[in-house]
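Structure first, then comments.
The values are calculated or read from the model by the stated rules, or taken from the named source; none is laboratory data. Since the structure is predicted, the reported quantities are computational estimates derived from the model, not experimental observations. Neighbour counts are summed over all protein chains in view; Cβ atoms, including those assigned to glycine, are modelled from backbone coordinates with ideal geometry.
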């Protein structure tokens, strides 16, 4: 099997690839608390693992994963690391511009952290204005609104949002370090006011995770299983791979 | 009736208000194309009009509306004006900081333009980190996920997103300049590729409005009516006013 | 009468205008204390009102007024809002660049707040360097050194500088909310040192308004009248309109 | 005579000075064309020379002169150097903050270049907001509105503005390199339009010097004399020294 | 053996660690050409591998490696990625600040890329000014002026600087992907002028690697061996571990 | 002898020079403590004096010296002034860009302060990326690794680094204000920990000068002499002049 990682190639090998292909996957994650049972690099790990699987199916290259993301709302939990919005956009833009300089014309940002989405959205916009190039982004975690939607519907019993049934299942299958016995449902601290509860959905504030969950999870990770993860990962990898095949033809 | 607009008061009057109340509404809109039938200031107009109605019901003050927003995706249509993300966040932050300096401790950003949401979200986060103050934001347009959800369900027949049945109904009732005879359903230009159509939802790109709609509308504004607008506006104003009353007690 | 406000047009209407005309007026004001008798939006209000009158005489369009300006020196009075110099220049530049993008080649910044002048000056310079385009700016308030100089000489009895006889007369005529009975001459607080008084003119410092005037006025607004305002407004509108007619021919 | 230049002292000598005195003069100039007869460093030279004379009379110290200023409007003439507005403000602020750190509580910016005024004004404001310290600035060139006004009235026959009768007289006396035989009245190029001429005063644009003067002078330097310069310099030095003596007592 | 990677722990585990220890290693590398025989991630790989070995000996934690560095001089070779100086300093500062927030008081930047040194130096300075905290940095590659100096002297026959005998030996031992048969001595292209050659050392310019080496190497990687690498790695790991033990006692 | 200083010429004289020559020297120094015996402007003074001597030998022009540099590590001593890294790079870039605009294609930064090197290095890089122009920089102080290496070896008995035997000798000859009787060897304060001493060389931190030297000197200035300075200055001027002659031919 061919080496899927751009960063494990020598420069002449990258040069050879560019003669035939202009696609590159750029995985983006975060280093932040993922409940009492998942490692802090969970999003960076997943972004890279899914990207690798897609690359192996499609023959495209994967750039290094950006391990730090936008995580100010997780800073109440030890070990979380955050970049500012401005710095994160700068990193994304400069990595993409470097790739474009060598001739990668179709860059796909493979994102595993919801908190990065605004920064990625701003990156896509600025790169389009400045270079005229369309950059693509997608979520590597399956979701009901993205790739893997059908598998999510068939497999996942509970909703959540962070270090939950879905996310835990996916990384159990991908081989992440998981302390399953520590997994704990996300319940809000007693201090969460009725006022904030009442207007969730209608009113936005800069809410921190430690204000809304004691364990760090949102959802119920105790329902996760490796088998659920297998179904989800296979679905999402297949669907993203199909997109990459279509993208080759554009 | 008391003057609801902070900007129509003298400084001693503002000083008097601050002795008893610490809430202020800050309306944010945009100046951008709104189809062939709505004025370019539609979002700024709506943000100010809804804010005024809420203020009249609750006795709080309304700051000047910020007329320019984040609209790079509308620049393909004449008359649209856009600020950069960075500049818009700076404006929002500096207006809020000015208000805080005088003693307004509860600021509610009354937003009418979806495109501003990321900048507002970043503003709320930065203000919380820098000042410890929670700033609130909400959408003044009724939507199925925010204030006025029930009314939307009962009143609006079609989905859309921009200069559509919902938005047009609301501003017909609010007294905006509307060229109803020019209203036109949003249809994509022939040039929109099957590829982009296929992955809408799963894959994000920095898409411009002129790439996806000929008239500038997304949805069907021809179904709009003033009566629908009345129901929507009354619902959204009542619900936001109830939130403001709750906020007074926090 | 034709609609003078760009922001009340639809995009096809703006497109039509641009086929025949490349002038647009961009009013800039502030939200800041204006003594005990004038509303905080006095400069934004005036910028828009004068622009509208000039537009009606000349058939050109008026962009939305920028309601926030450079007012750090007024922050000692409740309700004043200020942007930083850097942010204000960014807003002015980005609005002008948006207008240029659609084909407005002759932009006239219609400013009503002296405190904005340095930011406007820097804007004009940067836009010239970056785009090669000459942008124009003028003061909408009549002054002895600008438009309306003759009318000022004939009408105004006292000098001032802020919320004074001249400014109050102008807005009385324009229909601003004025609490005439609250108008109060500007007198410095007892705390103003002889030292600072002595070197006014020769030595500059970052002086705040609350350090030099108790009421917030500089000058004597009690001498203002609507009739004085009428003469001033008519003069300044006529003279600016003449400039616009000349500009059309360039 | 004591060494007036801070930069010619050792650090223990500066330490000694600070035990008794907290005033420092910070000269600011520019490097830009000054007509066909004056050296490019004319403003930097004058700022330093006047500062030195004031320092010698009052016993205060002089910081190094900042030789580069805001001169984009002179870039049409060889040898002119300009900083951006933003960079210049940063330099001024960082020099003042460094001086404050050592205990200089009364900083007087001794400016010789009109083009720097906006940047200095912004510097004074930002330093006041950030540190609470009042920084002073004044023009070292005599003018009808500043120090030396009486001497200007009695000595100078023509008005101007740049490399003119006044400026040339001052530097003839101060010992600048002057090519008197090359001095040339400032006349506009044939290309200057009647339109721009007509609205000078009422309308601002970012005008470049090469658009309005062929020689680079504004005014008539041929009327300059060393004797006029002597009167002007003596007046301005005496008056600024009196201000410094007053400042010591604050 | 305990998990050395902070990013493979859960947040409660990081919290436990912080009760007893305040040291964290932050590895910084780059993604850039490393001759015809080494992978592009060579510096990121080495930074992480050496950090891991030091951590295993000393029981401290390792943060995620920053895979992108300052590499504009390598952009002439396919696959190289560079951040700007400003962005890189921002990333380093924000990661360190995040770690400090959780209680890591002794941060050691473990750098493997010479090109990052200026950015790290600026980071250390800014963090000291802003937080009062001393951050440490060191090179993980052995060098004659740093850790491992004795081993370098005893083991390495040729000098170089990039993808050379030393660097290749180290990563052969660490298990990097190495295409030994492609290793090629660094020779300058024929186009390198005698002028630039002559003043190397005395005169600095922004020289690019493709201007001075055809293969991308500086030095002679053909002399590298795994055994040399073993000696170097063991020496450098031991010496850095001794430093960490000393640091624990400070 | 021709005037070597660009800033003492009129603009027509600079224009004449540019018809035949495209080289300009840009001296960069600092204002910072230089031990108990040297003036604070020592680096600015030296940069200008060496540049002048080189210019006189080669007929090229010298721009004004930038008197402020990067000196945060000297701020513990009265009179030191520092710019931030970012501001200093901006100044260097903008001065170079101004010079380029007039046709100076070969700019040589003549630096006298080691602390400026990182900022200069970043300046050279950014100017190359943005303009394609190679800018040169060199140290005007002789050193064992730069110009004057042989003379250093033959003349200087002790090593140092700041306000030492070498630096003091050079400026004694150049005519700087030197309080020779105050010269004092650099010894560290009692407070310097063994830990920091031990890892100097291997580990970097943001160390301040007042943490490592009581007098402000590093090295032994008591061994300095004017005669040593003469040999050093003559050597370094000759060698730099030879480089400039070579540069003319490129």
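Looking at region A:16-40, which of the residues that are closer than 26 Å to residue A:101 by Cβ, in contact with a helix residue (DSSP H, G or I) (Cβ under 9 Å, 6 or more places away or on another chain) and not in a loop (DSSP other than H, G, I, E, B) is nearest to the other protein chains (Cβ to nearest Cβ)?
A:18
Please determine, by comparing only the residues of region F:159-177 that are under 30 Å from residue E:240 (Cβ atoms) and either surrounded by fewer than 14 Cβ atoms within 10 Å (Cβ to Cβ) or away from every other protein chain (no Cβ under 14 Å) (or both), which one is farthest from the chain's Cα centre (by Cα).
Going through the qualifying residues, I end up with F:159.
With the checklist (1) without any contact (Cβ under 8 Å) to a residue 40 or more places away in the chain; (2) under 20 Å from residue B:34 (Cβ atoms) in hand, flag the one item residue B:135 doesn't pass.
(2)
Out of all the residues in region B:8-36, which are surrounded by 24 or more Cβ atoms within 10 Å (Cβ to Cβ) and within 19 Å of the chain's Cα centre (by Cα)?
B:24, B:25, B:26, B:27, B:28, B:29, B:30, B:31, B:32, B:33, B:34, B:35
Of the numbered conditions (1) in contact with a strand residue (DSSP E or B) (Cβ under 7 Å, 6 or more places away or on another chain); (2) more than 20 Å from residue C:58 (Cβ to Cβ); (3) surrounded by fewer than 18 Cβ atoms within 10 Å (Cβ to Cβ); (4) within 14 Å of chain D (Cβ to nearest Cβ), residue C:248 fails exactly one; give the number of that condition.
Only one criterion in (1) in contact with a strand residue (DSSP E or B) (Cβ under 7 Å, 6 or more places away or on another chain); (2) more than 20 Å from residue C:58 (Cβ to Cβ); (3) surrounded by fewer than 18 Cβ atoms within 10 Å (Cβ to Cβ); (4) within 14 Å of chain D (Cβ to nearest Cβ) is unmet by residue C:248, namely (2).
Mind counting the residues in region F:209-240 that are in a helix (DSSP H, G or I), more than 21 Å from residue F:155 (Cα to Cα) and in contact with a helix residue (DSSP H, G or I) (Cβ under 7 Å, 6 or more places away or on another chain)?
Residues in region F:209-240 being in a helix (DSSP H, G or I), more than 21 Å from residue F:155 (Cα to Cα) and in contact with a helix residue (DSSP H, G or I) (Cβ under 7 Å, 6 or more places away or on another chain): 1 in total.
Over 16 Å from the mean Cα position of the chain (by Cα), touching a residue at least 12 places away in the same chain (Cβ under 8 Å) and under 24 Å from residue E:204 (Cα atoms), is that true of residue F:77?
No; evaluated as a whole, the condition is false for this residue.
Being within 23 Å of residue E:80 (Cβ to Cβ), part of a helix (DSSP H, G or I), out of contact with any strand residue (DSSP E or B) (no Cβ under 6 Å at 6 or more places or on another chain) and within 11 Å of another protein chain (Cβ to nearest Cβ) is the filter here; which residues of region E:178-208 pass it?
The one that is within 23 Å of residue E:80 (Cβ to Cβ), part of a helix (DSSP H, G or I), out of contact with any strand residue (DSSP E or B) (no Cβ under 6 Å at 6 or more places or on another chain) and within 11 Å of another protein chain (Cβ to nearest Cβ): E:196.
Please determine whether any residue of region E:114-122 is away from chain A (no Cβ under 14 Å), without any contact (Cβ under 8 Å) to a residue 24 or more places away in the chain, surrounded by fewer than 24 Cβ atoms within 10 Å (Cβ to Cβ) and farther than 29 Å from residue A:39 by Cβ.
Yes, the conditions are met somewhere in region E:114-122.
Looking only at region C:173-188, which residues are out of contact with any helix residue (DSSP H, G or I) (no Cβ under 7 Å at 6 or more places or on another chain) and more than 24 Å from residue B:7 (Cβ to Cβ)?
C:187
What are the pairs with Cβ atoms under 7 angstrom where one residue, in region C:158-169, is on the phi > 0 side of the Ramachandran plot and the other, located anywhere, is surrounded by 24 or more Cβ atoms within 10 Å (Cβ to Cβ) and assigned to a strand (DSSP E or B)? Sequence gap at least six, or different chains.
Hits for this filter: C:163/C:34; C:163/C:38.
Taking only region E:136-150 into account, find how many residues are buried (at least 21 other Cβ atoms within 10 Å of the Cβ) and touching a helix residue (DSSP H, G or I) at 6+ places or on another chain (Cβ under 6 Å).
5
Taking residue E:45, is it in a loop (DSSP other than H, G, I, E, B) and either touching a strand residue (DSSP E or B) at 6+ places or on another chain (Cβ under 7 Å) or modelled with pLDDT of 95 or more (or both)?
In short, no.
Contact list please: Cβ distance under 6 Å, first residue in region C:83-111 and closer than 18 Å to residue D:205 by Cα and facing chain B (nearest Cβ under 9 Å), second residue at pLDDT 95 or above and assigned to a strand (DSSP E or B), pairs at least six apart or on different chains.
Between residues of region C:83-111 that are closer than 18 Å to residue D:205 by Cα and facing chain B (nearest Cβ under 9 Å) and residues that are at pLDDT 95 or above and assigned to a strand (DSSP E or B), the close pairs are C:95/B:81; C:99/C:24; C:99/C:107.
Could you say which residue among D:249, D:153, D:231 is without any contact (Cβ under 8 Å) to a residue 24 or more places away in the chain, under 30 Å from residue C:197 (Cβ atoms) and under 21 Å from the mean Cα position of the chain (by Cα)?
After applying the criteria, what remains is D:153.
Do you know which of the residues in region E:56-74 that are surrounded by fewer than 24 Cβ atoms within 10 Å (Cβ to Cβ) and farther than 18 Å from residue E:119 by Cα is nearest to the other protein chains (Cβ to nearest Cβ)?
Only one residue tops the list, namely E:58.
Please list, ordered by residue number, the helices (runs of 4 or more DSSP H) wholly in region D:105-174 having 1 or more residues that are in contact with a strand residue (DSSP E or B) (Cβ under 7 Å, 6 or more places away or on another chain).
Filter on region D:105-174 gives D:117-131, D:165-174.
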